[in-house]
Amino acid sequence: QMWEEAIALGKELAEQYENEMFDYEQLSELLRKQAQFYENIVKVIRPKPDYFAVGYYGQGFPTFIRNKVFIYRGKEYERREDFEARLLTQFPNAEKMKTTSPPGDDIKNSSGQYIQCFTVKPKLDLPSKFHRPVSEQIVSFYRVNEVQRFEYSRPVRKGEKNPDNEFANMWIERTIYVTAYKLPGILRWFEVKSVFMVEISPLENAIETMQLTNDKINNMVQQHLNDPNLPINPLSMLLNGIVDPAVMGGFTNYEKAFFTEKYMHEHPEDHDKIEKLKDLIAWQIPFLAEGIRIHGEKVTEALRPFHERMEACFRQLKDKVEKQYGVRSVPSSLDDRRGSRPRSMVRSFTMPSSSRPLSVASVSSISSDSTPSRPGSDGFVLEPLLPKKMHSRSQDKLDKDDLDKDKKEKKKEKRNSKHQEIFDKEFKSTDISLQQSEAVILSETISPLRPQRPKSQVINVISSERRFSVSPSPPSSQLTPPPITPRTKLSFSIQSNLELNGMSSPDIPDVPPPLPLKGSMADYGNLMESQDLISPATSPPAHQRVSP
């Protein structure tokens, strides 16, 4: 599920497919995969594994892990107890340490085996390309991946203990671990190369806590805006824990510890930090308002009393905060997201005209001679006239065909030369193709929803009309065409056309006379398999003979 890494490798492959190998089929498949990866990043919720710091102390361990600390990446949903049990099975004689502080030299130099294991938090290290705020669904990957620094915080009390407010003297001792390589890598664990420690004052700890709380509210609000089907229980627990003072106390403890005259007088250097904490408290109100609004839209009737109590507590909190720390407005990103549909549901419904499906009216208007028009326009009204026009044209052609047949019967008696036979055969084949084309026109008139006739047939019909147009007047001797020089390949082309049209010699109503004498076998060597052309010396069948 590390789709970000897959996308980076896919871009390298795409460069090769597009500019080096010119394999566009592989490129298209790769780009489809990348598109799915991007969609998964936004929509699929991935589990966040935990990281564990493991120290092997004592002379009983092998030298490559002796007195060293490693950071391990746990499995999905693996708890620390399960990880420790899995770790101790490899070293059954090792003893588990109870503390998280670094051990002394007595343990490091002992002959035994001591294992120290505790959970560490990875520190986010965003790539430089994220120079502006982005969605939490995108950033969440980098919170647990491509990380090299890890931290572990231990609370430390300094000074006198205050029973009324424990935040006043709660210091944080934070240990930073830096690994040799980023995790995850070729291994699920890497050695820690450097360790350093910092101390966080109580006021700085309060600022960090408020910032994390605001980010958590904002991230959960964005998740619910992106996906309305998310369960409401985590949002209910988060909002109630902040709004209801009886649960966690809210920021009232911070006010008692740091917003007093005594603290300001003792720590004048913390004035800017106190103002920052007040600003974070004021910013929490618009985030809570947005969360409660979403909670009110999705709450069930069974939880309606719980929501009403939470709203009452929030109104009191809002009046108090806005009175003391000012009013903050909701960020523009939340406003924009509120009014729009979820990003996963937004699709463009505009398609180019070439890819839109055509309606019946559009297909009919396009297939006609007139230009496509809207229903109700002049071009659309003329469409019913088209079949009549086509029918009359085809009827005239059929009348002409009848006259042509009469003339051809009389011409057969006058044929004495081979040139005239060749011409008659050519004329007859053209007439057959013309009749077939006219049959297509009539079928198109009867059923206008059939597909358009190919342009090649239209061109053939028009050219045939121009080339072999016959006058309806009685035949005369002037219609006899001039002699044509025979071509060696002519008979082959005519036979190929007949076979391509799906017609054999028995299907033709008027069969042409036999072929002329061959000059050589090369002329008709490819047609010896046809049943029509047996041999030039063989006479035609009895029913096909023409009396002189």
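The values are calculated or read from the model by the stated rules, or taken from the named source; none is laboratory data. The structure presented is a predicted model; accordingly, all values stated were derived computationally and were not measured. For neighbour counting, all protein chains shown are included, and Cβ atoms are generated from backbone atoms with ideal geometry for every residue, glycine included. Heads up: the accessible areas ignore ligands, DNA and RNA and are worked out on the full protein's heavy atoms, side chains in. Shrake-Rupley method; radii C 1.70, N 1.55, O 1.52, S 1.80 Å.
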Between region 157-191 and region 239-306, the Cα center-to-center distance that results, in Å: 24 Å
Length gained when the stretch K48-K158 is fully extended (0.36 nm per residue, less Cα-Cα span): 36.2 nm
Accessible surface, per residue, of region 18-156 when the full set of protein chains is kept, probe 1.4 Å, Å²: 60 Å²
For F190, residues with placed amide H under 5 Å, excluding near neighbours: I71
Cα gyration tensor category, rounded, prolate or oblate, for region 208-325 with a/c compared to 1.5: prolate
Accessible carbon and sulfur surface of region 51-200 relative to its total accessible area, %, 1.4 Å: 51 percent
For N19, net neighbour charge (Lys/Arg +1, Asp/Glu -1) across residues whose Cβ lies under 14 Å away: -4
Pairs from K48/K318; K75/K98; K182/K273; K121/K318 whose Cα-Cα separation, in the structure shown, is over 28 Å: K48/K318; K182/K273; K121/K318
Low-density loop cleavage sites - GluC sites (Glu not before Pro) in region 256-319, where at most 10 other Cβ are within 10 Å (DSSP): E301
Residues with amide H under 5 Å from that of E151, placed H, sequence gap 5 or more: K121, K123, Y177
Selection of GluC sites (Glu not before Pro), region 148-245, meeting DSSP coil and at most 10 other Cβ within 10 Å: E160
